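Since the structure comes first, as structure tokens, the remarks are kept for the end.
The values are calculated or read from the model by the stated rules, or taken from the named source; none is laboratory data. Just so it is clear, the model here is predicted, and its values are computed rather than measured. As a convention, Cβ positions derive from the backbone with ideal geometry for all residues, glycine included, and neighbour counts pool all protein chains shown.
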């Protein structure tokens, strides 16, 4: 079993070195990827059913991966966090009334914008850095830990980061691990960062995504889009909007634009330049603990 | 070094040999326990003033000033501070640090850097007036605190960093171009000599590659040129006109840290009926109620060995009073604790900028 695995890996590397757009090539590429997978599994000493060779071509690995990572059923518990929305709404109602009174929907839209801005300058730089240099992810994770000074935000980030790593270990590693194991890229696969941002960058990289500008943008886009989804889902449960409006907002051109802007903004910021750009977010989120009643953990 | 008097070794020669905007404050304790300013150098636009301490002063105070009471674009201040073992140093200002507008879009920003080395058994207090960035100003502040003893926590600090919206009287409300403030706390070994006591060494460019272990970084970046949706920076700040951050660490401040944590835990809960008329309100601290009435919002976090407090408010005086109350450990009637940690450690008169 092990010997076979070794042999197929060699062929796989050769074929993948000359990618041509013919169907034949694509098929052989898929076959080689499958054998590569088998090899990786063999190395992990996991028994796998031998892949049948006559399957129809599966969607390209990124699409498959994105569908998994963007799934709201991904068991990392994002539904338990509102990223400060719950506290924000509670604090807004304490303010002296202003006219015209903002609607729940407009309050939500505002928070969404501020939250995306804040995440883009605090977390996105660390996603980018972890994706680009996965071997230094633990140092990045520690720096992020030192930089995230809001206790509530820390708990939310650590909880989701650790959960993402366990989903990787328990569910994804057997299918997606495409790097490391002493391979030429030399990416260590055994690190388990605590925080959500660094682990997102690291895990997506371990999944075999290439270190290109375009892929990196997708990595960050999916992260931020997930963030928006979690906020909207929290908003529905806080009865600010209904589920149809939530989908309407999610589908809107504006959300797409906001997320793209956040991707772009965060991509320009280095880890050393990261910082809080919406100071009130830290206060609202920090004060979440002081809410008399609360549904969410952040 | 032999005479045990409080003198400085400042000489005109060393003054002229250091780069513009550089400064050095070096506190040394001579036996048996004489606090001295071993070195005090500075060059325009930075100005350091050290009032002669009274004989029994617990700490030395140095005022950090700028000529004309403000900094213009292109001004660059690099201040190095060393507090040797058993030293006590308090840095204050005399009025807010005004940041004037950037002359032209291509002019360099105004920069203030400070590197503070806190040796084991010494304490450092930074209680300045707020930074006041005027319209169209471009400001970068980078403060690095190197703590030598984080095992027993005897390198102790209380740091306050705060910023206001600008000149409200001139209708400046967060009309700045860019504001960046970064406070970094490192655990360093005695041997990591990024700071030496020699004069003329004042120019820390803050870019040394290795500086021990990063313990905490608090960074705030305000971008006045960016719109978020259609919201300007002023709108994003949500009618808050002032933001303050306090960072506290070290054994001498244990009680202060406990006090702040307890107060935060006892904050009236948000959304608990009407907290000010509720029967429950008697249980609530009067000062908390007052803070809420003054539009003060605050949160405390225990992070990696530090206590970090964030305060914001709609008006300056309310925030000042609140921060002063926190740091002087006032009781429910607003009376400061008699031997509050800061007074105990540094002596009286430390809260000048909060009055």
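Candidates in the range A:201-218 are the residues that are in contact (Cβ under 8 Å) with a residue 40 or more places away in the chain and more than 18 Å from residue A:162 (Cα to Cα); of these, the one that is surrounded by the fewest Cβ atoms within 10 Å (Cβ to Cβ) is A:211.
Restricting the search to strands (runs of 3 or more DSSP E) fully inside the range B:13-66 and requiring at least 3 residues that are within 22 Å of the chain's Cα centre (by Cα) and farther than 22 Å from residue B:98 by Cβ gives B:22-30, B:34-42. Of the residues that make up the range A:107-127, is at least one farther than 20 Å from residue B:234 by Cα, at the interface with another protein chain (Cβ under 9 Å from one of its Cβ atoms) and surrounded by fewer than 21 Cβ atoms within 10 Å (Cβ to Cβ)? Checked against the condition, which is being farther than 20 Å from residue B:234 by Cα, at the interface with another protein chain (Cβ under 9 Å from one of its Cβ atoms) and surrounded by fewer than 21 Cβ atoms within 10 Å (Cβ to Cβ), the range A:107-127 yields no hits at all.
Answer with yes or no whether residue A:184 is modelled with pLDDT of 95 or more and farther than 22 Å from residue A:81 by Cα. When the stated conditions are applied, residue A:184 does not pass them.
In the range B:207-243, of all residues being touching a helix residue (DSSP H, G or I) at 6+ places or on another chain (Cβ under 6 Å) and more than 10 Å from chain A (Cβ to nearest Cβ), the one that is nearest to residue B:316 (Cα to Cα) corresponds to B:242.
Being assigned to a loop (DSSP other than H, G, I, E, B), within 22 Å of residue A:150 (Cα to Cα) and modelled with pLDDT of 95 or more, is that true of even one residue in the range B:256-272? Scanning the range B:256-272 turns up no residue that is assigned to a loop (DSSP other than H, G, I, E, B), within 22 Å of residue A:150 (Cα to Cα) and modelled with pLDDT of 95 or more. Pairs are defined by a Cβ separation below 6 Å, a sequence spacing of at least 6 or placement on different chains, a first member in the range A:140-154 that is more than 19 Å from residue B:213 (Cα to Cα) and at the interface with another protein chain (Cβ under 8 Å from one of its Cβ atoms), and a second member that is at pLDDT 95 or above and assigned to a loop (DSSP other than H, G, I, E, B); the pairs so defined are A:154/A:148. Criterion applied to B:79, B:147 was being within 17 Å of residue B:48 (Cα to Cα), under 20 Å from the mean Cα position of the chain (by Cα) and touching a residue at least 40 places away in the same chain (Cβ under 8 Å), and the one residue passing it is B:79. The residue that is surrounded by the fewest Cβ atoms within 10 Å (Cβ to Cβ), counting only those in the range B:318-355 that are assigned to a loop (DSSP other than H, G, I, E, B) and under 17 Å from the mean Cα position of the chain (by Cα), is B:355.
With respect to (1) more than 14 Å from chain B (Cβ to nearest Cβ); (2) touching a helix residue (DSSP H, G or I) at 6+ places or on another chain (Cβ under 7 Å); (3) farther than 22 Å from residue A:150 by Cα, the lone exception for residue A:248 is condition (2).
Screening B:117, B:113 for residues that are in contact (Cβ under 8 Å) with a residue 12 or more places away in the chain, surrounded by 17 or more Cβ atoms within 10 Å (Cβ to Cβ), in contact with a strand residue (DSSP E or B) (Cβ under 7 Å, 6 or more places away or on another chain) and closer than 16 Å to residue B:161 by Cβ leaves exactly one candidate, B:113. Quick check on the range A:200-216. Is at least one of its residues under 20 Å from residue A:152 (Cβ atoms) and either more than 14 Å from every other protein chain (Cβ to nearest Cβ) or touching a strand residue (DSSP E or B) at 6+ places or on another chain (Cβ under 8 Å) (or both)? Yes, that holds for at least one residue.
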